[in-house]
Structure formats: structure tokens, C-alpha cells
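The values are calculated or read from the model by the stated rules, or taken from the named source; none is laboratory data. From a predicted model like this one, the values you see are computed outputs, not experimental measurements. Counting neighbours? That spans all protein chains shown, and the Cβs are built from the backbone with ideal geometry, glycine included.
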Amino acid sequence: MADDDDAYVYDEATGEWRPASEMKAAAAARPEVRDASGTVLADGDSVVLIKDLKVKGAGQTLKQGTVIKTIRLTDNPEEIDCRFEAIKGLVLRTEFVRKRG
């Protein structure tokens, strides 16, 4: 039976396979990310917008209530990285989202 130290995990941020123990340490070092209501967010969570947001450069407005799936945390605890339809590289401030129950 394999130990956690022998397991490797794919790191989407770097595109490399890294030891699971190294990934756990990196996750532990990352500050807690919280949504507008104080709920802790994690990679892969879905969030809902709590207000209309104009997206700079896309000429589009994301409406309140829009669901954003599979978020990814960034090094900044006030921002999350996400994808939404035709908008690539979308970064949202955590103060404008609420974790979807």
C-alpha cells in the first residue's frame, strides 16, 4: 500500500505532477479565502454573483445570480480565477460572490 509521500498530484497551476505532501504544504500555506458572507472557499467550488458586474475588455455584464462553476483560488485571498462561457481569464473579487450551497 502506497504512502501519501509516494503519491503524485497534478498541479493545474504549473502543469506538473508534484508530490502530494508538497501540494498539501502549499495548500496549508495559502491564506483562507472567504466569500462575501464569510464562507470559506476552496478550489473547485461553485459561486453565485451577488451583484451585476461589468466585465472590462469583454463588453459584457454578468448578472446577479449568475453561477460560476469550478473556481480556482489565487495567491491573492481577495480574488478567484474562473471561467465563464466566452470570457477567458476571468478574475472575480471575493466580495462579489457567495458560495453556492
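For residues that are loosely packed, with under 14 Cβ neighbours inside 10 Å and over 16 Å from VAL33 (Cα atoms), scanning just the stretch 70-86, find the one that is modelled with the highest pLDDT. Break it down stepwise before answering.
Taking the stretch 70-86 and keeping what is loosely packed, with under 14 Cβ neighbours inside 10 Å, we get 70, 75-76, 78, 85-86.
Filter once more, keeping what is over 16 Å from VAL33 (Cα atoms): 85-86.
Details: GLU85: 84, ALA86: 75.
Taking the candidates together, the pick is GLU85.
Among all residue pairs at least 6 apart or on different chains, which show Cβ distances below 7 Å where the first residue, located in the stretch 75-90, is farther than 15 Å from SER46 by Cβ and the second is loosely packed, with under 13 Cβ neighbours inside 10 Å?
Note: pairs meeting the criteria are PRO77/PRO31; PRO77/GLU32; GLU78/ARG93; GLU79/VAL91; GLU79/ARG93.
Which of (1) at positive phi; (2) touching a Ser or Thr at 6+ places or on another chain (Cβ under 6 Å) is the odd one out, the single condition GLU85 does not satisfy?
(2)
With the structure loaded, tell me whether ALA13 is under 16 Å from the mean Cα position of the chain (by Cα), more than 17 Å from GLU85 (Cα to Cα) and free of Cβ contacts under 8 Å to residues at least 40 places away in the same chain or whether it fails that test.
On the way: under 16 Å from the mean Cα position of the chain (by Cα): yes; more than 17 Å from GLU85 (Cα to Cα): yes; free of Cβ contacts under 8 Å to residues at least 40 places away in the same chain: no.
So ALA13 fails the test.
Please enumerate the residues belonging to the stretch 53-67 that are more than 19 Å from the chain's Cα centre (by Cα) and either surrounded by 12 or more Cβ atoms within 10 Å (Cβ to Cβ) or closer than 13 Å to GLU85 by Cα (or both).
Within the stretch 53-67, ALA58, GLN60, THR61 qualify.
Give me the residue from the stretch 42-53 that is among the hydrophobic types (A, V, I, L, M, F, W, C) and at pLDDT 95 or above and, out of that set, farthest from GLY65 (Cα to Cα).
Among those that are among the hydrophobic types (A, V, I, L, M, F, W, C) and at pLDDT 95 or above, it is VAL47.
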